[in-house]
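*Asks:* The structure under discussion is supplied below as structure tokens; questions concerning it will follow.
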Amino acid sequence: MIVHHYLHGTRVQAGSRSLDSLASPVDGSPLGTVQVADFSVVDQAVQSARQAFQSWSLVPVKDRVQVLYKFKMLVENHIGDLAKQVTAENGKTLAESTAGLARGVEIVEYAASLPQLLAGDILEVSSGVDCYTRRFPLGVVAGITPFNFPAMVPMWMFPMAIACGNSFILKPSEQVPFTPLMLADLLKEAGLPEGVFNVVQGDRETVEAVLDHPGISAVAFVGSTPVAKAVYERGIAGNKRMLTLGGAKNHLVIVPDADPAVTAKNVVSSAVGCAGQRCMAASVLIAVGDCDAILDAIESEMRSLTCGKEMGAIISAKAKHRIEGYITRAVERGAKIRLDGRFQPGPGHYIAPTLIDGICHEDECAHDEIFGPVLSILRVKTLDEALAIENANPYGNAACIYTTSGATARYFEMRAEAGMIGVNIGVPVPRDPFGFGGWNASKFGPGDITGRDAISFWTKTKKITTKWTAKSTNWMS
């Protein structure tokens, strides 16, 4: 089966070459073949989007969001089918796929509130002189999204962009091309005019075509840090507005007064949920002082999980081999492998929860973004030592602490250098209107990708200053 693009409200085949056939990470079953959108195909999407923008941008925002209300209902009505598709192409458990869709729906709900959020400011700055603002859409904008959340991450972007009056081009990961097409069909059913939403499939060639096209005004991206940096630099070189989210090396800190049961369940959920393939996953666990009882509880919780049941699959054989390499090298360096998730039987790509103890700050497991269900334990004597390790990390996505002390939590919250902080929460994803975004090498560009900042990213502001005399002529009479 050929994977289609979605141009001007229709699924189409186009492109000069195809990628290797896709197989499901769950069981190896064939899925289809992606045709690569070259510059000419991207240009078709831009022309369609530009044509649609001329009328869509003039639709009042209260009418634009009516489409999103209908889209929300359609997603909820089809959430079972959408979740099955996400699982088939990504490998998540059905529960994880459903949860990702539910989070996407929350963004749609927030976008539907834009009639209240887009209101401008007004102030009488002098006698008879008013200054006020209006927000306008940018034009044709785009999003480049990763494999790990085929529905949720695109839904971080296009509902807000579309509600703000833009036309949108989505370039999804070539590893998960099907779910975005289902979303496109539901947008059309909800009444979105043709051309306002388009999907171009492909690989690096397609990404570069999107970044280089002069008809695209802004691009948002989610992926690894090296690629995020390269995408950001290429985009701004073409005078595009850019916001690119990169990788992470999130540290969870436990102190002796943490609740063992709550901490164990939450740490494990953070570390191995979505098979560890998310930028909010716990990667390093820093144990301050004597936390052995809590560590034992974490190990016990991990042992209770089964691949294919509570644990989803790794996206590909290549990714599985890369993750297993980190575990193998940790063994060779003498680390204590409390749980070894390698060597899981096929036909899918699975790695069971892995817990590595006895690493030091210089080990690659303490630094690299492994992007798998691998949790490494570092042991320190003080909270300040833990903070020093966290803050030396080049990334700045998330940092968390487990404690029953408010003073300890506050001390950590004020000193940890990350954009998202969790207290007894290992996946501290903010809910709207608070935005998602990290610091340092986890993000390039201003603001966050969701919440209030998304309005600023997808719009431009016009400032109007007016002066009227006390008496004016009614020219309409």
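*Asks:* Which pairs turn up if I take residues in the stretch 88-109 that are over 23 Å from residue 319 (Cα atoms) and in the same structural domain as residue 67 (by TED's automatic domain parsing) and look for partners that are of a type in the set (Asp, Glu) and in a helix (DSSP H, G or I) with beta carbon separation below 8 Å, at least 6 apart in sequence or on another chain?
*Replies:* 105/76
*Asks:* Follow-up. Restricting attention to the stretch 108-135, report how many residues are in contact with a Ser or Thr (Cβ under 6 Å, 6 or more places away or on another chain) and of a type in the set (A, V, I, L, M, F, W, C).
*Replies:* So the count comes out to 1.
*Asks:* Would you check if residue 146 is buried (at least 21 other Cβ atoms within 10 Å of the Cβ), touching a Gly at 6+ places or on another chain (Cβ under 6 Å) and touching a residue at least 60 places away in the same chain (Cβ under 8 Å)?
*Replies:* Yes.
*Asks:* Would you be able to tell me the number of residues in the stretch 110-120 that are over 27 Å from residue 86 (Cβ atoms), among the small types (Gly, Ala, Ser) and in contact (Cβ under 8 Å) with a residue 12 or more places away in the chain?
*Replies:* Matching residues across the stretch 110-120 total 1.
*Asks:* Now for a different question. Condition first: closer than 22 Å to residue 271 by Cβ and touching a helix residue (DSSP H, G or I) at 6+ places or on another chain (Cβ under 9 Å). Now tell me which residues in the stretch 438-459 satisfy that.
*Replies:* Passing the criteria: 441, 442.
*Asks:* Among what's in the stretch 443-477 and is among the basic types (Lys, Arg) and either in contact with a Pro (Cβ under 7 Å, 6 or more places away or on another chain) or under 25 Å from residue 248 (Cβ atoms) (or both), pick the residue that is modelled with the highest pLDDT.
*Replies:* 443
*Asks:* Can you name every residue in the stretch 199-208 that is under 15 Å from residue 48 (Cβ atoms) and either acidic (Asp, Glu) or not in a loop (DSSP other than H, G, I, E, B) (or both)?
*Replies:* If the condition is that a residue be under 15 Å from residue 48 (Cβ atoms) and either acidic (Asp, Glu) or not in a loop (DSSP other than H, G, I, E, B) (or both), then 199 is the only one that fits.
*Asks:* Is there a residue in the stretch 230-244 that is over 21 Å from residue 369 (Cα atoms), in a helix (DSSP H, G or I) and among the acidic types (Asp, Glu)?
*Replies:* Yes.
*Asks:* Name the residue, out of 370, 359, 323, 351, that is at pLDDT below 95 and buried (at least 19 other Cβ atoms within 10 Å of the Cβ).
*Replies:* Just one listed residue meets the conditions, 359.
*Asks:* Moving to a separate point now. Taking the options 109, 96, name whichever one is touching a Cys at 6+ places or on another chain (Cβ under 8 Å) and among the acidic types (Asp, Glu).
*Replies:* None of the other options fit; the residue is 96.
*Asks:* With the structure loaded, tell me whether residue 350 is among the hydroxyl-bearing types (Ser, Thr, Tyr) and under 24 Å from the mean Cα position of the chain (by Cα) or whether it fails that test.
*Replies:* So residue 350 fits the description; yes.
*Asks:* Still on this structure: Given the options 26, 36, name the one that is closer than 15 Å to residue 171 by Cα and buried (at least 19 other Cβ atoms within 10 Å of the Cβ).
*Replies:* Just a single option satisfies the conditions, and that option is 36.
*Asks:* Moving on to the next point. Go through the stretch 295-320 and report how many residues are surrounded by 22 or more Cβ atoms within 10 Å (Cβ to Cβ) and outside any helix (DSSP H, G or I).
*Replies:* 5
*Asks:* If a residue counts only when it is assigned by TED's automatic domain parsing to the domain that holds residue 296, over 27 Å from residue 257 (Cβ atoms) and out of contact with any Pro (no Cβ under 9 Å at 6 or more places or on another chain), which strands (runs of 3 or more DSSP E) contained entirely in the stretch 332-396 have at least 2 such residues?
*Replies:* none
*Asks:* Quickly run through the stretch 259-283 and pick out the residues that are of a type in the set (A, V, I, L, M) and either in a helix (DSSP H, G or I) or surrounded by 24 or more Cβ atoms within 10 Å (Cβ to Cβ) (or both).
*Replies:* 261, 262, 264, 267, 268, 271, 272, 275, 281, 282
*Asks:* Tell me whether the stretch 60-82 contains one or more residues that are farther than 20 Å from residue 106 by Cα and without any contact (Cβ under 8 Å) to a residue 60 or more places away in the chain.
*Replies:* Yes, because at least one residue in the stretch 60-82 is farther than 20 Å from residue 106 by Cα and without any contact (Cβ under 8 Å) to a residue 60 or more places away in the chain.
*Asks:* Grab the strands (runs of 3 or more DSSP E) fully contained in the stretch 1-103, keeping just those with 2 or more residues being farther than 30 Å from residue 349 by Cβ and either β-branched (Val, Ile, Thr) or modelled with pLDDT of 95 or more (or both).
*Replies:* 10-12
*Asks:* What residue, of 193, 256, 214, is without any contact (Cβ under 8 Å) to a residue 60 or more places away in the chain, under 24 Å from residue 58 (Cβ atoms) and assigned to a loop (DSSP other than H, G, I, E, B)?
*Replies:* It is 214.
*Asks:* Residue pairs, Cβ under 8 Å, 6 or more apart or interchain, first in the stretch 324-341 and farther than 15 Å from residue 375 by Cβ, second assigned to a helix (DSSP H, G or I). List them.
*Replies:* Between residues of the stretch 324-341 that are farther than 15 Å from residue 375 by Cβ and residues that are assigned to a helix (DSSP H, G or I), the close pairs are 329/364.
*Asks:* Filter the stretch 152-184 down to residues that are touching a residue at least 60 places away in the same chain (Cβ under 8 Å) and assigned to a helix (DSSP H, G or I), then give me how many there are.
*Replies:* 15
*Asks:* Just give me the residues in the stretch 422-457 being crowded, with 19+ Cβ neighbours inside 10 Å and within 17 Å of residue 283 (Cα to Cα), in sequence order.
*Replies:* 422, 426, 427, 428, 438, 441, 442
The values are calculated or read from the model by the stated rules, or taken from the named source; none is laboratory data. Only a predicted model underlies this, so the values are computations on that prediction, with no experimental measurement involved. FYI the Cβ positions are ideal-geometry reconstructions off the backbone, even for glycines, and counts take in every protein chain you see.
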